[in-house]
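Notes follow once the structure below has been shown.
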């Protein structure tokens, strides 16, 4: 099992590293997938994340899920068609799509929110609603293979549900 964790500059440090380490504790592989713009991306606090794979080289068949962290990185990530296409394809294939905080911007650009329930940081609530989702102010919202949360304080619930989904994965067709 392997999960892509998307990275770009201005990422929220806890929303990258908490999932990265929690998945590894559970025996789930993680790969930091960047936009390919450079090899090292800096968090809002200046903490580096080294790109392990460019989104241009990311194969859908290699991943069971994708985590989109918040901070201001999602505003950069959503500008790349490859990122939006990867997230949309993961969603369509019923694989884990987990987004926290401002990551809802990527979900909007990927076009996967219509008719869904989702949480996000309150500042982008209108974006989530205008994309056709029902906004819920809850620590974690599970809508099929879409798992969303509001902020770093929600990480324990976010990761609990993400790990639970990956371990049971009832929606992903068995090959």
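A short reminder: the numbers here are calculations on the coordinates, not readings from a lab. Remember, it's a predicted structure, so these values are computed and weren't measured experimentally. Using ideal geometry, Cβ is built from the backbone for each residue, glycine included, and neighbour counts are taken over all protein chains shown.
Please give the calculated 222 nm ellipticity per residue for the chain, where each DSSP H segment of at least 4 residues contributes -39500 (n - 2.57) and the sum is spread over every residue; nearest 500 deg cm²/dmol? That calculation yields -9500 deg cm²/dmol at 222 nm. Here 134, 148, 30 are placed in order of increasing Cβ neighbour count within 10 Å, fewest first, which gives 134, 30, 148.
Secondary structure note: in the chain, about 25% of the DSSP beta bridges are antiparallel.
Computed from the Cβ-Cβ distance with R0 of 25 Å, the FRET efficiency linking residue 134 to residue 167 stands at 0.40.
The residues 80, 11, 72, when put in order of fewest to most other Cβ atoms within 10 Å, stand as 72, 80, 11. Across all directions, the shadow cast by the convex hull of the stretch 96-175 built on its C-alpha atoms averages 5.0 square nanometres. Relative contact order of the stretch 15-127: 21 percent, from C-alpha pairs under 8 Å at least 6 residues apart in sequence.
The gain in end-to-end length when the residue 93 to residue 53 segment is fully stretched comes to 12.3 nm, 0.36 nm per residue minus the alpha carbon separation. Exposure proxy for 100, 128, 163, 68: other Cβ atoms within 10 Å of each Cβ, ordered fewest to most, give 163, 128, 68, 100. Please tell me the relative contact order of the stretch 4-55 in percent, rounded to the nearest whole number, where contacts are Cα pairs under 8 Å and at least six residues apart. Computed value for the stretch 4-55: 43 percent relative contact order. Values of log10 I(q)/I(0) for the chain across q = 0.09 Å⁻¹ run -0.24, by the Debye formula with one identical scatterer at each alpha carbon and no solvent. A simple spin-label model places the labels of residue 153 and residue 60 3.8 nm from each other, with each point 7 Å out along Cα-to-Cβ.
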